[in-house]
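Chemist: I'd like to ask some things about the structure below.
Laboratory data are not the source of any read-out in this text; all were calculated from the coordinates shown. What you see is a predicted model, and the numbers here were worked out from it, not measured in a lab. We place every Cβ from the backbone using ideal geometry, glycine too, and count neighbours over all the protein chains shown.
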Amino acid sequence: MTRVLVFSTLYPNAAQPNHGIFVENRLRHTLALGGIEAEVIAPVPFFPFTHPAFGRYATFARAPRAEQRHGVQVWHPRYFVAPKVGVNVTPNFLYRAGLSVARRLIREGRRFDVIDAHYFYPDGVAAVRLGRALQLPVVITGRGTDLTLLPSLPGPRAQIQDAAAEASALITVCEDLGTRLVELGADPGRTIVLRNGVDLELFRPHPDRQAVRDRLGLTGFTLISVGALIPRKGHDLVISALSDCPDCTLLIAGGGPQRSQLEALARQLGVADRVRFLGEAPHHQLSDYYSAADVMVLASEREGWANVLLEALACGTPVIASDVNGTSEVIQGPEAGLLLPERSSRAIVEAIARLRGDMPSREVARRYAEQFDWFRIASANRALLAAVAKAGYGERHSPHLLEAARAELTMGANSD
């Protein structure tokens, strides 16, 4: 039995049920295969007040100190965050928060064989220090901005490079991020791509799509844009596209600081009556929204591996997306949808018209998504964690650690 200590700030909690859910999903599917036990240390930024007036900071305060999620014990110690000026020292605060909990668990009789860290900075950097203190090997997964944006900052870049050099194995969720990691100096022999899968049971076409549309009051061609209401997600570009798509309605699922600005933009463009803000919908409700929509549009400036694209496709909804990072690895054919030639509202309008002229059926879109189930990825993840755990801290740079994981990916591909 391999005993895994998962370490990441990207993990759901009772106050933020959708936060980092892709990390939880990979762990859940890996645990379902057997041979793995896990506990999670998912630190949360310290904030003293829970009143809603404090916005997302109050949400941090409402997170429990400990909870069970899907049978897994999760700990949420607090760590100090100094906005903007503290970017270079955050890994130290994160490390101290994690070390306190980990040492207590070990004193109580828990034993861990490997640390499974997610997000390179500050999480992966802190995890490597944790591994050093506990004499445990570390696996780090890079997931997006940690490899597309943060390496542009000199302090984080150097710390990411050091963590990559010391970790036993490195995972990225798409080839683009893997290339970026190797360009930072990571050993390609210790780097593997394990993309995110999609839960094909949770995300599936609704058996009565018209009933869902009736319940939501949808009558015309419907677009959906899913993601946090922040500038890099590009919701403003999709809203702007509505000006030239007069028969289209737009659903926006997500919460964040840009909501009032996006609402104002919709009013300014005269399309407010065709834009519906759904808020931060629970993950299980998204399936209905995807099923009700005709097309999913993702206009992000950056994405590691955009889970929402596969979720929409699994519900039978084709997608339009900006061609960034790992998105072209998701949309590889017309049965999935279209990649935008440029990131603009004009390109979105043209793509909508083009897709409407040759729409893949919902059955075809669903079949496309089925190749991205979790089994192969979870099997490779389990094999990698077991190999790293068996090698131990002293042999963490063995050139053979990824062989079993790569074999699982190859066997899965050959069985398709």
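Chemist: Note the angle between two axes, namely the Cα long axis of helix 90-107 and the longest principal axis of the Cα atoms of the chain, as a number of degrees from 0 to 90, rounded to the nearest 10.
Modeler: 60 degrees
Chemist: For a Förster distance of 51 Å, can you work out the FRET efficiency between the beta-carbons of GLU108 and GLU363, rounded to the nearest 0.05?
Modeler: 0.45
Chemist: Taking 0.36 nm per residue of sequence separation and subtracting the Cα-Cα distance, how much length would be gained by fully extending the chain between ALA14 and ARG62, in nm to one decimal?
Modeler: Extra length available between ALA14 and ARG62 comes to 16.5 nm.
Chemist: In nm, what is the difference between 0.36 nm times the number of residues separating ARG302 and PHE80 and their Cα-Cα distance?
Modeler: Taking 0.36 nm per residue and subtracting the Cα distance, the gain is 77.2 nm.
Chemist: Moving on. From the P(r) of region 64-134, can you give the percent of Cα pairs sitting at distances over 16 Å?
Modeler: Looking at region 64-134, the distances longer than 16 Å represent 53 percent of pairs.
Chemist: Please check: in the Gaussian network model of the chain (C-alpha springs, under 10 Å), which one of SER344, SER260, SER379 has the largest mean-square fluctuation.
Modeler: Per the Cα network of the chain with a 10 Å cutoff, SER260 tops the list.
Chemist: Be a star and scan region 135-151 for residues whose amide nitrogen sits under 18 Å from the point 7 Å along the Cα-to-Cβ vector of GLU395.
Modeler: Under 18 Å, as judged by backbone N against the label point of GLU395, lie 135-139 of region 135-151.
Chemist: Same structure again: Would you mind putting 268-274, 154-160 in packing order, based on average other-beta-carbon counts within 10 Å, highest first?
Modeler: 154-160, 268-274
Chemist: Show me the three semi-axes of the equivalent ellipsoid for region 1-123, from the C-alpha gyration tensor (sqrt of 5 times each eigenvalue), largest first, rounded to whole Å.
Modeler: 25, 17, 13
Chemist: Moving on. Normalise the Debye intensity by I(0) for region 98-209, one equal point scatterer per Cα, no solvent, then take log10 at q = 0.22 Å⁻¹ and round to two decimals.
Modeler: Cα-only, vacuum Debye calculation for region 98-209: -1.10.
Chemist: In nm, to one decimal, how far is the modelled label at GLU263 from the one at ALA133, with both set 7 Å along Cα→Cβ?
Modeler: With each label placed 7 Å out from Cα toward Cβ, I get 4.4 nm.
Chemist: Determine, from the Cβ-Cβ distance of PHE54 and ARG157 and an R0 of 30 Å, the FRET efficiency 1/(1 + (r/R0)^6), rounded to the nearest 0.05.
Modeler: 0.40
Chemist: Between ARG354 and GLN73, what is the spin-label point distance in nm, taking each point 7 Å from the Cα along the Cα→C-beta axis?
Modeler: With each label placed 7 Å out from Cα toward Cβ, I get 5.4 nm.
Chemist: Quick check on the chain: helices-only [θ] at 222 nm, where DSSP H runs of length 4 and up contribute -39,500 (n - 2.57) each and the sum goes over total residues. Nearest 500, please.
Modeler: -11500 deg cm²/dmol
Chemist: While we're here: Going by how many other Cβ atoms sit within 10 Å of their own, how do ASP123, ASP323, ASP358 line up, fewest first?
Modeler: Ordered by Cβ neighbours within 10 Å, fewest first: ASP358, ASP323, ASP123.
Chemist: With the crude spin-label approximation of a point 7 Å out along Cα→Cβ, what separation in nm comes out for GLU175 versus ASP273?
Modeler: The two pseudo-label positions are separated by 4.8 nm.
Chemist: Can you give the FRET efficiency to the nearest 0.05 for ARG346 and VAL89, using r as the Cβ-Cβ distance and R₀ = 45 Å?
Modeler: So the FRET efficiency works out to roughly 0.55.
Chemist: If you fit an axis through the alpha-carbon atoms of helix 259-269 and take the longest principal axis of the Cα set of the chain, what angle between them do you get, 0 to 90°, nearest 10?
Modeler: 20 degrees
Chemist: Mind grabbing the base-10 log of I(q)/I(0) for region 209-371 at q = 0.10, 0.11, 0.13, 0.19 Å⁻¹? Debye formula, identical points on the C-alpha positions, no solvent, two decimal places.
Modeler: -0.30, -0.37, -0.53, -1.26
Chemist: Output the antiparallel fraction of DSSP beta bridges having both residues in the chain, as a percent to the nearest 5.
Modeler: Roughly 10 percent of the DSSP beta bridges within the chain come out antiparallel.
Chemist: Ranking MET296, MET359 by Cβ neighbours within 10 Å, fewest first, what do you get?
Modeler: By the 10 Å Cβ count, ascending: MET359, MET296.
Chemist: Tell me the angle of helix 375-391 to the major Cα principal axis of the chain, expressed in degrees between 0 and 90 and rounded to the nearest ten.
Modeler: The helix 375-391 is inclined about 20 degrees to the chain.
Chemist: Next question. At 10 °C and a viscosity of 1.306 mPa s, what translational diffusion coefficient does Stokes-Einstein give for the chain, taking Rh as the Kirkwood radius over Cα pairs? Give it in µm²/s as a whole number.
Modeler: 72 µm²/s
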